1. I'm trying to understand the selection: among the residues of region 1-28, which are farther than 22 Å from VAL88 by Cα and of a type outside the set (S, T, N, Q)?
2. If a residue must be free of Cβ contacts under 8 Å to residues at least 60 places away in the same chain and out of contact with any Pro (no Cβ under 6 Å at 6 or more places or on another chain), how many such residues does region 1-38 contain?
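We did not get these values from a lab; they are worked out from the coordinates using the rules stated. This structure is a prediction, so every number in the text was calculated from the model and none was measured. FYI the Cβ positions are ideal-geometry reconstructions off the backbone, even for glycines, and counts take in every protein chain you see.
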Amino acid sequence: MASVTVRLFHELRTAAGSGEITMTANNLGELLRTLAHRYGKMERNVLFDEAGRLREYVFVYINKTLQKPLDMSVPVKDGDIILVIPPVSGG
């Protein structure tokens, strides 16, 4: 398990009560599923669709590198900085 810093934006920041948290995970998929589980149903709907797939408009960066296409099996390493940016809407 790696200890990583996760920087959160928009609804995720509000749900976590902080813009930055520390989490442990083996890979991106595990990290994102744990994040969604930890911060409730609204965030699961923001990050994942009904079939459990990460929504294509969620941006994930590892150490300033956009993970596109996102491979949920990418391992994370101690000290990585992960940015999770859900979509922004408004009017």
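1. MET1, ALA2, VAL4, MET23, ALA25
2. Here the count works out to 26.
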